[in-house]
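Structure first, then comments.
The values are calculated or read from the model by the stated rules, or taken from the named source; none is laboratory data. This is a predicted model, so every value here is computed, not measured. So basically every Cβ, Gly included, is an ideal-geometry build from the backbone, and we count neighbours across all protein chains shown.
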Amino acid sequence: MTNFADLGLAAPLLKALAAEGYESPTPIQQGAIPHVLAGHDLLGVAQTGTGKTAAFALPILNHLQKINRRASPKACRVLVLSPTRELASQIQANFTGYAQFMRVTSTVVFGGVPVNRQVRAVAGGVDVVVATPGRLLDLISQKALTLNEIEILVLDEADRMLDMGFVRDIRRLLAVMPPRRQNLFFSATMPPEIADLAGSMLTNPKQVAVTPVASTVDRIQQGLILVPNRAKQATLHKLLEDASIARAVVFSRTKHGADRIVRHLESAGFSAAAIHGNKSQNARERAMASFRDGSLRLLIATDIAARGIDVDGVTHVINFDLPNIAESYVHRIGRTARAGADGIAVSLVGEDERGDLRGIERLIRRQIPVLPNPLGDQAAVAAAVQVAEANKPKEPARQPRPDRSGGHHRGAAPGRGGERHGAGGGRPAENGQNRRRNPAGRPKRTGAPGQAQSANQGRRDH
């Protein structure tokens with residue numbers, strides 16, 4: 001198959017694909033679309049950047065066009081579950097683009113924004129809802145949305161759902177859906193827990209795997225720089241003097257680290273913005289918009305945003321910190337080399353990150369080449385560290401956080417590196433100590449899916 005017309009898609013979809021500049025289907029689209037059109041459950045294994053959103057959105061829209069009926073008030077026909085706000089927004093935008101010549105309605109539902117506008121959006125019924133699990137459970141508990149008319153369920157980025165502790169929420173949602181539905185399950189990796197979840201959801205699924213599990217895109221040139229932790233910031237500044245780095249995503253392990261990197265970059269004359277769970281939704285959207293239109297060269301991100309950054313033209317990914325979950329490395333560097341372009345990924349590896357490096361190299365089944373430090377020899381590195389320390393920007397004072405009784409906590413940092421339900425809505429931890437790996441830290445949850453507990457809001461609202 002060499003073009004979308006060969007896949008049997010409706011004329012309005014072909015017209016939209018032409019308008020969007022799509023020329024030929026990717027391997028995941030060629031493999032998945034015929035199975036979804038035929039009504040089969042699907043298990044898709046594909047890394048990020050392979051075009052899998054179109055692989056499920058196009059046949060879903062074809063189904064909605066063919067079976068033309070309206071959803072009942074407070075109901076939807078198709079549900080797409082996504083782990084993060086950015087990814088959910090991106091998926092819904094794709095649905096809108098593909099359906100531009102069709103009468104299909106869609107909306108996106110996630111935490112961190114007022115719930116009332118989302119209640120209004122689903123009140124009259126909607127064809128497609130793209131949602132994060134936490135806010136979706138909130139709408140169900142408020143009786144603002146019901147899932148009893150679901151015809152097609154899509155679980156996207158299932159392995160990320162597992163990392164972020166959403167699997168229990170997913171099982172609660174499955175319990176309030178009709179058992180007769182089409183299920184589409186996508187994951188970049190397939191650990192045993194995800195395989196178990198897929199087995200419980202899917203009935204005689206067709207399988208499409210377009211790349212080896214956890215492989216990295218061949219067009220990405222990877223390298224690492226062995227550097228003392230104290231010299232990382234100076235090394236980053238020296239790297240960014242290279243004009244070929246036209247648009248880069250810099251990954252930090254923690255949200256506070258991301259903010260610190262931005263302060264250092266700005267003090268050195270670089271323009272940068274951070275995107276992470278402590279940022280308000282408006283701040284995150286402004287940063288993404290500036291990065292997408294090219295007015296912002298550097299986006300500093302945490303892993304929670306890794307899979308939601310779908311921006312063409314990212315020339316470089318720089319890992320300021322290595323992730324302590326090896327699979328996250330694959331998703332981070334997948335922000336570059338998109339839409340057929342080439343890309344470069346550089347990792348700054350500190351003394352205490354050699355174990356994380358070994359885990360990553362085992363996962364991707366290759367050794368990452370060591371690059372020379374752009375600062376020069378050890379003496380030059382030491383001198384650069386001294387200069388960086390002398391020009392170190394002043395850390396902002398921590399503001400006390402009011403407690404529920406009206407008093408104040410001393411110190412505003414949330415426990416375990418977690419994301420508080422504050423300015424940007426609560427989110428899962430970003431330091432690798434997620435709920436799945438730390439079950440003792442999970443709050444007790446009781447009640448049916450329609451009785452979500454407010455104590456859990458912090459984890460679920462992302």
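Give region 35-52 a look and list any residue that's under 24 Å from Ala188 (Cβ atoms) and in contact with a strand residue (DSSP E or B) (Cβ under 9 Å, 6 or more places away or on another chain), or say none. Step through it out loud before you land on a result.
Looking only at region 35-52, we keep the residues that are under 24 Å from Ala188 (Cβ atoms), and these are 35-37, 40-52.
Answer for region 35-52, where residues must be under 24 Å from Ala188 (Cβ atoms) and in contact with a strand residue (DSSP E or B) (Cβ under 9 Å, 6 or more places away or on another chain): His35, Val36, His40, Asp41, Leu42, Leu43, Gly44, Val45, Ala46, Lys52.
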With the condition being more than 20 Å from Val311 (Cβ to Cβ), I'd like the helices (runs of 4 or more DSSP H) fully within region 84-169 carrying at least 1 qualifying residues. 115-123, 133-141, 158-163
Which of (1) in a helix (DSSP H, G or I); (2) under 22 Å from Leu42 (Cβ atoms); (3) not basic (Lys, Arg) does Met177 not meet, given it meets every other one? (1)
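Output the residue which, of all residues in region 355-381 that are in contact with a Gly (Cβ under 9 Å, 6 or more places away or on another chain) and of a type in the set (Val, Ile, Thr), is farthest from Glu327 (Cα to Cα).
Val370
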Suppose we filter region 59-88 for residues that are surrounded by fewer than 21 Cβ atoms within 10 Å (Cβ to Cβ) and among the β-branched types (Val, Ile, Thr); how many remain? 1
Could you tell me which residue of region 248-273 is surrounded by the most Cβ atoms within 10 Å (Cβ to Cβ), considering only residues that are within 11 Å of Phe320 (Cα to Cα) and aliphatic (A, V, I, L, M)? Ala258
What are the pairs with Cβ atoms under 9 angstrom where one residue, in region 118-131, is on the phi > 0 side of the Ramachandran plot and in the same structural domain as Ile60 (by TED's automatic domain parsing) and the other, located anywhere, is of a type in the set (Gly, Ala, Ser) and outside any strand (DSSP E or B)? Sequence gap at least six, or different chains. Gly125/Ala71; Gly125/Ser72
Matching residues in region 232-247 - criterion: being crowded, with 18+ Cβ neighbours inside 10 Å and either of a type in the set (S, T, N, Q) or over 20 Å from Pro369 (Cα atoms) (or both): Gln233, Ala234, Thr235, His237, Arg247
Checking Val115 against (1) in contact with a helix residue (DSSP H, G or I) (Cβ under 9 Å, 6 or more places away or on another chain); (2) of a type in the set (Val, Ile, Thr); (3) closer than 25 Å to Pro179 by Cα; (4) surrounded by fewer than 24 Cβ atoms within 10 Å (Cβ to Cβ): exactly one of these is not met. Which one? (3)
Boolean, Arg70 is of a type in the set (Lys, Arg), assigned to a loop (DSSP other than H, G, I, E, B) and without any contact (Cβ under 8 Å) to a residue 24 or more places away in the chain: no
Sort out which residues of region 98-117 are modelled with pLDDT of 95 or more and among the aromatic types (Phe, Trp, Tyr), and write them in order of number. Tyr98, Phe101
Is it the case that region 154-166 has a residue that's within 22 Å of the chain's Cα centre (by Cα) and surrounded by fewer than 19 Cβ atoms within 10 Å (Cβ to Cβ)? no
Within region 42-66, the residues that are out of contact with any helix residue (DSSP H, G or I) (no Cβ under 8 Å at 6 or more places or on another chain) and under 15 Å from Val80 (Cα atoms) are Leu64
Residue count for region 9-25, restricted to those that are in contact with a helix residue (DSSP H, G or I) (Cβ under 9 Å, 6 or more places away or on another chain), free of Cβ contacts under 8 Å to residues at least 40 places away in the same chain and part of a loop (DSSP other than H, G, I, E, B): 4
Can you tell me which residue in region 100-112 is farthest from the chain's Cα centre (by Cα), limited to those that are surrounded by 15 or more Cβ atoms within 10 Å (Cβ to Cβ) and without any contact (Cβ under 8 Å) to a residue 40 or more places away in the chain? Thr105
Scanning region 148-200 for residues that are in contact with a strand residue (DSSP E or B) (Cβ under 6 Å, 6 or more places away or on another chain) and among the β-branched types (Val, Ile, Thr), the one farthest from Ala71 (Cα to Cα) turns out to be Ile194
Wholly within region 258-377, which strands (runs of 3 or more DSSP E) include no fewer than the required count, namely at least 1 residues that are not aliphatic (A, V, I, L, M)? 316-319, 343-349
Any hit, region 227-247, residues being under 30 Å from Asp159 (Cα atoms) and under 15 Å from the mean Cα position of the chain (by Cα): no
